[in-house]
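Below: the structure, in structure tokens.
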Amino acid sequence: MFKEEMIVTQEGYDKLVAEHEELTAVRRLEVAERLKEAISYGDLSENAEYDAAKNEQAMIEGEIVEIETKLKYAVIIKD
């Protein structure tokens, strides 16, 4: 993870913000719905849909944390 400045253009910063919005407002909710549906199937120990959704959820949450860290340390420069 970043511990110092991350130099980005305004366009790069805007892309990070848009990606963060997509992950938190859309993808996170889609995976939550998939988890809810998979849980309704019953036995989670042999539920491939549940396992796949949990893995995707973990990946999305990791991406969100990474983007938030980048945004925290971002310094916008002129082109």
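When region 62-79 is examined, which residues are found to be in contact with a helix residue (DSSP H, G or I) (Cβ under 8 Å, 6 or more places away or on another chain) and within 19 Å of Thr24 (Cα to Cα)? Result: Glu63, Ile64, Ile67, Glu68, Lys70, Leu71. Look at region 58-71: where a residue is within 14 Å of Lys15 (Cα to Cα) and a partner is polar (S, T, N, Q) and in a helix (DSSP H, G or I), sitting 6+ places away or on another chain with Cβ atoms under 8 Å, you get Ile64/Thr24.
Please specify each residue of region 9-56 satisfying the condition of being open to solvent by less than 60 Å² (accessible area, probe 1.4 Å), modelled with pLDDT under 95 and of a type in the set (A, V, I, L, M). Leu35, Ala38, Ala52, Ala53, listed by residue number.
The values are calculated or read from the model by the stated rules, or taken from the named source; none is laboratory data. Since the structure is predicted, the reported quantities are computational estimates derived from the model, not experimental observations. Backbone-built Cβ (ideal geometry, glycine too); neighbour counts: all protein chains shown. Side chains included, ligands, DNA and RNA excluded: accessible areas come from the protein's heavy atoms. Shrake-Rupley method; radii C 1.70, N 1.55, O 1.52, S 1.80 Å.
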